[in-house]
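S.K.: Before I ask anything, here is the structure I am working with.
The values are calculated or read from the model by the stated rules, or taken from the named source; none is laboratory data. Fair warning: this is a prediction, and the values are worked out from it, not measured in the lab. Cβ coordinates were reconstructed from backbone atoms using ideal geometry, including for glycine residues, and neighbour counts include every protein chain displayed. We work out accessible area using only protein heavy atoms, side chains counted, and drop any ligands, DNA or RNA first. Shrake-Rupley method; radii C 1.70, N 1.55, O 1.52, S 1.80 Å.
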Amino acid sequence: MKTILITGSNKGIGYETAKQLMRLGHRVILSGRDESKIRLAAASLEKEGGEIQLLEMDVSVPEGIQSAADLLRGRQLKLDVLINNAGIVHKSDRDLSKDSEDVLQTTLTTNSLGPLRVVRTMLPLMAPGSRIINISSGGGSMTDPVGGWSPAYCVSKSLLNAITRHLAYELEDRKISVNAVSPGWVKTDMGGKSAPRSVERGAETLVWMATTKSIPTGMFFRDKKVIPW
Ligand code: NAP
């Protein structure tokens, strides 16, 4: 049984990943910024098998991340896998040259600095052989054409990709792998109804990365295959 922390897992891809991992018999730490939402989500996962723990953690609040890590330490938990899934897209994120300061701040704090802070704070709970999986996006790619949608979001995912590469380099000696995953365009509150992928499909590569025997480090994945940054 692996112990797997998934940030922002009260709904969407994070919730579905939690469900699939529980069905495989793992201990999932279901986490979110709103305690009542995590409790509701956990109640609907009770019969899935495995084990569930709840953790209130807003990834945009550094002190909150520290308290969450202290709580896990108090429960004597070690993390085998950390999935940085929590993310936002602002409705008014339309134009990088005009977006408000608030859009820039909240997007970068939640999607880029948040995952980095979660890694820095949770690292003492991670032993050699453990894995960090950062949920990125095709929008963060530096090789695909620039798409003209939610530019602050796309920049935040490019930054998350850069963070992934640097952390992979720094943590290689400690045998902790760090990779980024693009889940594709997925039907969730964020992806919307027109998205071609089911949430089950969106979670597939994450479940595989969390559980497969061995994975490389410092790579960008989609559909279980390495893709260009
Ligand atoms: P979603 O349904 O909107 O779920 C996002 C989750 O993140 C929710 O649980 C949300 O909590 C949580 N969250 C947001 N800000 C948070 C914070 N500050 N602290 C803790 N949790 C926070 O979105 P999704 O589609 O499942 O997206 C999951 C990940 O996949 C994101 O990183 C997203 O960028 C990425 N992604 C999604 C798609 C897509 O097409 N859906 C494509 C590429 C990448 P609340 O319920 O409290 O808001």
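S.K.: Please name whichever of PRO62, THR110, GLN76 sits farthest to the positive end of the charge dipole of the stretch 34-178, dipole taken about the Cα centre and charges placed at Cβ: Lys and Arg +1, Asp and Glu -1.
M.R.: GLN76
S.K.: In Å², what does the accessible area per residue of the chain work out to with a 1.4 Å probe?
M.R.: Ligands and nucleic acids excluded, the figure is 49 Å² per residue.
S.K.: Now a separate question. Which far-off residues, 5 or more places away or on another chain, put their amide H under 5 Å from the one on ILE227, with H placed in the peptide plane?
M.R.: Distant-sequence amide H within range of ILE227: PHE220, PHE221, ARG222.
S.K.: Taking +1 at the Cβ of each Lys and Arg and -1 at the Cβ of each Asp and Glu, which of SER137, ILE52, LEU159 sits farthest along the dipole of the chain towards its positive end, judged by Cα position relative to the Cα centre?
M.R.: It is ILE52.
S.K.: Along the stretch 14-30, what does the Karplus equation 6.51 cos²θ - 1.76 cosθ + 1.60 (θ = phi - 60°) give for ³J(HN,Hα), rounded to whole Hz, x for Gly and Pro?
M.R.: Result, ordered by residue: x, 5, 5, 5, 4, 4, 5, 5, 5, 4, 7, x, 8, 8, 9, 9, 7 Hz.
S.K.: With each pseudo-label sitting 7 Å past Cα toward Cβ, what's the SER44-ILE227 distance in nm, one decimal?
M.R.: Label at SER44, label at ILE227, 2.7 nm between them.
S.K.: Under the rule a/c < 1.5 gives rounded, and otherwise a/b versus b/c splits prolate from oblate, where does the stretch 131-229 land using the Cα gyration tensor?
M.R.: It comes out oblate by the Cα gyration axes.
S.K.: Each residue of the stretch 54-68 in order: what ³J(HN,Hα) in whole Hz does its phi give by Karplus 6.51 cos²θ - 1.76 cosθ + 1.60, θ = phi - 60°, with x for Gly and Pro?
M.R.: 10, 8, 7, 7, 8, 6, 8, 10, x, 5, x, 5, 4, 4, 5
S.K.: In addition: Using a 1.4 Å probe and counting only protein heavy atoms, arrange VAL89, VAL118 so the residue with the most accessible area comes first.
M.R.: VAL89, VAL118
S.K.: Follow-up question, since we're still on this one. At a probe radius of 1.4 Å, what is the per-residue accessible area of LEU160, in Å² to the nearest 10?
M.R.: 0 Å²
S.K.: Non-local amide H neighbours of GLU51 (under 5 Å, H modeled in plane, Pro and chain starts lacking H): which ones?
M.R.: HIS26, ARG27, VAL28
S.K.: From largest accessible area down, sort HIS166, HIS90; use a 1.4 Å probe on the protein chains.
M.R.: The residues order as HIS166, HIS90, largest area first.
S.K.: Using only the Cα atoms of the chain, build the gyration tensor, take square roots of its eigenvalues as a ≥ b ≥ c, and label the shape rounded, prolate or oblate: rounded if a/c is under 1.5, else prolate if a/b is larger than b/c, else oblate.
M.R.: Taking the square roots of the gyration eigenvalues as a ≥ b ≥ c, the chain is rounded.
S.K.: Only Cα pairs under 8 Å and at least 6 apart count here; give the relative contact order of the stretch 3-226 as a rounded whole percent.
M.R.: 19 percent
S.K.: Relative to the Cα centre, what is the charge dipole magnitude of the stretch 3-226, using +1 at the beta carbon of each Lys and Arg, -1 at the beta carbon of each Asp and Glu, and rounding to the nearest 20 debye?
M.R.: 600 debye
S.K.: Straight-line reach from LYS224: which aspartates and glutamates have Cα under 13 Å away, leaving out those fewer than 8 places along the same chain?
M.R.: Leaving aside aspartates and glutamates fewer than 8 places away in the same chain, those within reach of LYS224 are GLU204.
S.K.: Using θ = phi - 60° and the Karplus curve 6.51 cos²θ - 1.76 cosθ + 1.60, what whole-Hz ³J(HN,Hα) does each residue of the stretch 170-180 get, with Gly and Pro shown as x?
M.R.: Running phi through 6.51 cos²θ - 1.76 cosθ + 1.60 with θ = phi - 60° gives 5, 9, 4, 4, 8, 6, 10, 7, 9, 9, 10 Hz.
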